[in-house]
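Worksheet for the structure shown next.
The values are calculated or read from the model by the stated rules, or taken from the named source; none is laboratory data. Keep in mind that this is a model prediction, so the values were computed, not measured. Reconstructed Cβ throughout: ideal geometry from the backbone, glycine too, with neighbour counts over all protein chains shown.
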Amino acid sequence: MYSDRVMDHFTNPRNVGEIPDANGVGEVGNARCGDIMKMWIKVENNVITDIKFKTFGCGAAIATSSMITEMAKGKTLEEAEQITNQQVAEALEGLPPVKMHCSNLAADALTAAIADYKKRAAGTSA
């Protein structure tokens, strides 16, 4: 059902944890499957220098969270905002159609963290 790459990111997820002094935090949930993702980003000179996540959910949710952190780290905010759920799924060598919503959730968590960063940088309350 899952590719070797999905299984690798599920059993050996990258960038798990929290960033206590994060510049942006995003949290999203999906009632359909009960997955909750929280993502922290550290930004320097408009570049994501560190990114961590915690996910409560299925194997596909954990794998997509892990993969998107790898894809976003080192990218500018604008580049990271362009990462699509389809790109996440392709980087994982595909997801079953019933699990594609998990890649949407990972992309949404990253987008939410970037939006939070931008609010903080603009000096408005989150």
If we keep only residues of the range 42-77 that are of a type in the set (Asp, Glu) and touching a residue at least 12 places away in the same chain (Cβ under 8 Å), then the residue nearest to Gly26 (Cα to Cα) is Asp50
From the option list Ala80, Ala106, single residue qualifying as crowded, with 17+ Cβ neighbours inside 10 Å, at pLDDT 95 or above, of a type in the set (A, V, I, L, M) and touching a strand residue (DSSP E or B) at 6+ places or on another chain (Cβ under 8 Å) is Ala80
For the range 70-126, the count of residues that are in a helix (DSSP H, G or I) and among the β-branched types (Val, Ile, Thr) equals 4
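Just the residues that are assigned to a loop (DSSP other than H, G, I, E, B) and touching a His at 6+ places or on another chain (Cβ under 7 Å), please, taken from the range 1-32. Before you say what the answer is, go through the steps one by one.
Step one: of the range 1-32, the residues assigned to a loop (DSSP other than H, G, I, E, B) are 1-3, 12-15, 17-23, 31-32.
If the condition is that a residue be assigned to a loop (DSSP other than H, G, I, E, B) and touching a His at 6+ places or on another chain (Cβ under 7 Å), then Arg32 is the only one that fits.
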Exactly one of Ile36, Ile48 is surrounded by fewer than 18 Cβ atoms within 10 Å (Cβ to Cβ), assigned to a strand (DSSP E or B) and either among the small types (Gly, Ala, Ser) or under 13 Å from the mean Cα position of the chain (by Cα) (or both), and that one is Ile36
request  = Answer yes or no: is there a residue in the range 55-65 that is crowded, with 16+ Cβ neighbours inside 10 Å, within 9 Å of the chain's Cα centre (by Cα) and in a helix (DSSP H, G or I).
outcome  = yes
